[in-house]
Amino acid sequence: MAQASGGTVLEVEGITKAFPGVVANDDVSLTLNQGEIHCLLGENGAGKSTLVNMVFGLYRPDQGTIKVRGEEVHFEDSGDAIARGIGMVHQHFQLIPVFTVAENIILGNEVTKGAFLDLDTARRQIDALAERYGLAVDPDATVGELSVGEQQRVELVKALFRDADILILDEPTAVLTPGEVDDFFEVVESLTGQGKSIIFITHKLREVLAVADRITVLRSGRVVGTTTAEGATQQSLANLMVGRDVVFRVEKAEADPGAPVIRVQGLRSQDDRGVEMVTGFDVEVRAGEIFGIAGVEGNGQRELVETICGMRPATGGRVEMLGQETTHWTPRKIHELGVAHVPENRSKHGVVAQYSIADNLVLNRYHHRRFSNLGVRNTAAINVEAEELVEQFDVRTPGVDATIDTLSGGNQQKVIVARELTGDLKALIVAQPTRGLDVGSIEFIHRKIIELRDQGVAVLLVSAELDEILSLSDRIGVLYRGRLAGTVDSAHATREELGLLMATGSSGGQS
Amino acid sequence: MNGAKHANAGIGRAASQVHRLLTEAWRLQPLYVSLYAILLSFVVGGVLISIIGVNPFTAYWALLRGMVGGGDQIAGSVARSVPFIGSALALAFAFRAGLFNIGAEGQLLAGGITAAYVGALSWMSDLPGIVAIPLILIAGTMGGAVWGGIPGVLRTKTGAHEVISTIMLNSLVLFGVRWMVNSRDPVVLRDTESTVPRTDPISDTGVLPELVDSQPVLHTGLFALLGICLVVAFVLNRTTFGFEVGTVGLNPHASHYAGINVNRVIVASMAASGAFAGLAAASEISGTNGFFQPGTFFLMGFDGIAIALLARTNPVAIIAAALLWGSMLSGAPLMQQEADVSIDVVRIIQAMVLLFVAADAIVRYLFRVREMDQSPFKATSVEGAV
């Protein structure tokens, strides 16, 4: 599939971009040749979007240079990037649903005759583009009535209408059905066949190998490898993407599993846009064991956890905890049963940033008798509890009255973990418990999880860190496209086997 | 040029100095901006007054005497301010839950007409005051609560934004009560013996006792509204329910995660907000008017928005802000009489207060107030170095 490549059309050299508290891109370099599909691969938060947003003029780099066709550029905004022939199709479409296709395409770049729009000319230009690149769009259709795949084609035509030669596609397949994905790949190849160059962002390995000429893998803001599609396998890419050379071995005794505590059967649920993300998930977690769920992000992890914990409605299947069906219970009722939940999204769900550490420490039990006398808050008892937990979980803070946003990410996570891991627990559901934390905090949280397991708590661990899964879990399941692709005993699990399951959904080679 | 710059810096320094003193004197930090906004509005108002050829000091002196120049003036000012406490609480409580209730105008009408209807029921005159008065106040409170609760329910069931639905409900009740009170055929709630459109007078037993025979009358409804302010302060700061309200207002996602019933909090907060407006209206019906007229509460709900924002939604600060608001309106006629400055100038000053409070960047810039406990994102920036 390699195209007859021309010269280099885009060079990114030594780009660094920091946001408060996080270096999103650290000395990133990348080249794009004419007629090439260059895949940018990495987990969520690896810095892919930050990088392309700088190329498209939405952010300005702190350091480093961007060259377009050999010429150094300093974009003030995306208009400058468009003028240089760069087009971007965002993951979330930037279309106006009540306008027609033609109106959307010419928006901001209107074809006019005097003071009036010249929609006839625009229509002819759109038809010509559509025919040339095999992008079937009806200029007179209303965008809101189109399917997602059709809307994406409109976005592509919109970029081409602005004479883009370099196209940035941000997770273009995330919203498409498998059939649409195949159509989309045909379009992409017809584009490169006619000299367009494409940066393709994704975290789906199968797609990368299907379309990419070259692949650059980002992890934690750094380039960890650039390779050609021929030289790569799904396995090698998975290792690059999620792997870390250091394995944190956690000391733990053999598990002594008891009765089943969490039982999930055929669970289904949807994401916020109504796309089914959990597609018939089954699992059984017993008391005193840690069941780890590995998987490439975006395979339904978030929806699965939220559905089990009562935060997201199940559209099918059932959840049972401690022998009771909890499928449609509220989060509070599930929590009161003795089920704790460390959420994936710390700032959105885990804490109230403006509240004190003490108030955050009782966020899920402020209403208990201990902390509330006939509906009046017992601040003294809350503070005593907070002091105790801060001590016990080694939260580094000047005092429990300080607002939680004065703490580092690691200490905020310790507050969440302290809150969730306290009380009479029967089951624990933890999602990405150590994301973005320093080594010390990671070890501490790992130790606490194992401690609970040894006390007979059933633990369901969801993590994108394969090392974390491998070192903590007693059994490991792989989540692939919203269902359990396979279960392995952690004593016999290898990174290779898991990587392949994560990438393909089966352990027997290509699916 | 340089001189001007110098003077500017001097003013800035002086302002900083004043601000520092206030910081130490006032422990309610977020209220600086409000104090400066009031100051600034009076300065700009003074410029306006001098443009029309009147000495602003003469005008303001007359205004001040109209506000607090004697016992009668003070009583009148307080009386004028009392219902504003309720309409401001109506915004403030919902605001803590992250809701923007701009329906106090309608909630006052709903509460007022309910109170007037119950107060005029034939069997009311058989009841002693100690029963009749609370009944009227409760009726008004319930009327406001229902009218405030509806947008809450709409929000949770359909996602309709409360700003839109409260505006719509304002119109609905405004024209609804106007028709009920105006209509002669059929007679709905109109007092047919009256020449002006109004409801039947409430029973004598339902009239709140008078404190001072001022203009308007200062009556014991004052204690009801002061009391409810303290109750709201207590509920928000000390109770479990108040904690839920604040949590939903700050982070509804975390609230949902933590097991708080977000929808229940939204409906309850909206209903409570409406209840405060309804109580204010009932207290006026019972203590001041004795009957309901459609125009009685005109603009009172919208003034409540300004007062609540001026008080930064702090229930205790609302008492002070409402007193300022009411007494300015109460003192304005003397300014018109003595200095020949229209009452509308006071309205303009009040509008500017709201403008400066809402657009507090202007005030912060002019008075070099640093961002403090306003935005959590900027909170830790500069203040530590001082």
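The values are calculated or read from the model by the stated rules, or taken from the named source; none is laboratory data. These numbers come from a predicted model, not from an experiment. Virtual Cβ from ideal backbone geometry, glycine too; neighbours counted across all protein chains shown. In case anyone asks, the SASA skips ligands and DNA or RNA and just uses the protein heavy atoms, side chains included. Shrake-Rupley method; radii C 1.70, N 1.55, O 1.52, S 1.80 Å.
For this structure, a couple of remarks:
- Residue satisfying all of: in region A:361-377; within 9 Å of another protein chain (Cβ to nearest Cβ) and of a type in the set (S, T, N, Q); nearest to A:GLN413 (Cα to Cα) among these: A:ASN364
- Scanning region A:369-414 for residues that are in a strand (DSSP E or B), among the β-branched types (Val, Ile, Thr) and either crowded, with 16+ Cβ neighbours inside 10 Å or out of contact with any helix residue (DSSP H, G or I) (no Cβ under 8 Å at 6 or more places or on another chain) (or both) gives a single hit, A:THR403.
- A:GLU251 being acidic (Asp, Glu) and either open to solvent by less than 50 Å² (accessible area, probe 1.4 Å) or assigned to a helix (DSSP H, G or I) (or both): no
Each row is one residue, and each column tells you yes or no for (1) open to solvent by less than 20 Å² (accessible area, probe 1.4 Å); (2) modelled with pLDDT under 95.
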site	(1), (2)
B:GLY148	yes, no
B:ALA160	no, yes
B:LEU222	no, no
B:THR239	yes, no
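- Within the option set A:THR434, A:THR422, being open to solvent by less than 30 Å² (accessible area, probe 1.4 Å) and not in a helix (DSSP H, G or I) holds for one residue only, A:THR434.
- Residue-level check: of (1) within 14 Å of chain A (Cβ to nearest Cβ); (2) in contact with a Lys or Arg (Cβ under 9 Å, 6 or more places away or on another chain), B:VAL262 misses just (2).
- Cβ separations smaller than 6 Å between residues 6+ apart or across chains give the following pairs from region B:124-143 residues that are open to solvent by 50 Å² or more (accessible area, probe 1.4 Å) to residues that are in a helix (DSSP H, G or I) and not basic (Lys, Arg): B:SER125/B:THR205.
- Test: residue in region B:195-202 that is of a type in the set (A, V, I, L, M) and in contact with a His (Cβ under 9 Å, 6 or more places away or on another chain): no
- Pairs, first more than 7 Å from every other protein chain (Cβ to nearest Cβ) and charged (D, E, K, R) in region B:243-257, second in a loop (DSSP other than H, G, I, E, B) and open to solvent by less than 10 Å² (accessible area, probe 1.4 Å), C-beta under 6 Å, six or more apart: B:GLU244/B:ILE260
- For region A:126-147, filtered to residues that are more than 11 Å from A:VAL187 (Cβ to Cβ) and exposed (fewer than 14 other Cβ atoms within 10 Å of the Cβ), the residue that is farthest from the chain's Cα centre (by Cα) is A:ALA128.
- Search result, residues across region B:183-203 that are surrounded by 20 or more Cβ atoms within 10 Å (Cβ to Cβ) and small (Gly, Ala, Ser): B:SER203
- Annotation: of all residues in region A:46-58 being part of a loop (DSSP other than H, G, I, E, B) and out of contact with any Asp or Glu (no Cβ under 9 Å at 6 or more places or on another chain), the one that is modelled with the lowest pLDDT is A:ALA46.
- The set of residues in region A:212-234 that are surrounded by fewer than 21 Cβ atoms within 10 Å (Cβ to Cβ) and not in a strand (DSSP E or B) comprises A:SER220, A:ALA229, A:GLU230, A:GLY231, A:THR233, A:GLN234.
- Filtered by the rule that a residue be at pLDDT 95 or above and more than 25 Å from A:THR279 (Cβ to Cβ), region A:323-334 gives A:ARG332, A:LYS333.
- If you go through region A:98-134 and keep only what is in contact with a Phe, Trp or Tyr (Cβ under 9 Å, 6 or more places away or on another chain) and part of a helix (DSSP H, G or I), you end up with A:ILE105, A:ILE106, A:ALA122, A:GLN125, A:ILE126, A:LEU129.
Results for (1) open to solvent by 30 Å² or more (accessible area, probe 1.4 Å); (2) within 27 Å of A:LEU135 (Cβ to Cβ), shown as yes or no for each residue.
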| position | (1), (2) |
| --- | --- |
| A:LEU58 | yes, yes |
| A:GLY64 | yes, no |
| A:GLU76 | yes, no |
| A:PHE93 | yes, yes |
| A:VAL101 | no, yes |
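- Some residue of region A:314-334 being touching a Cys at 6+ places or on another chain (Cβ under 8 Å), within 13 Å of chain B (Cβ to nearest Cβ) and open to solvent by 10 Å² or more (accessible area, probe 1.4 Å): yes
- Odd one out for A:VAL488, checked against (1) of a type outside the set (Phe, Trp, Tyr); (2) assigned to a strand (DSSP E or B); (3) within 17 Å of A:ILE262 (Cβ to Cβ); (4) open to solvent by 10 Å² or more (accessible area, probe 1.4 Å): (3)
- Residues satisfying the criterion are present in region B:266-289 (criterion: in contact (Cβ under 8 Å) with a residue 60 or more places away in the chain, within 14 Å of chain A (Cβ to nearest Cβ) and open to solvent by 10 Å² or more (accessible area, probe 1.4 Å)).
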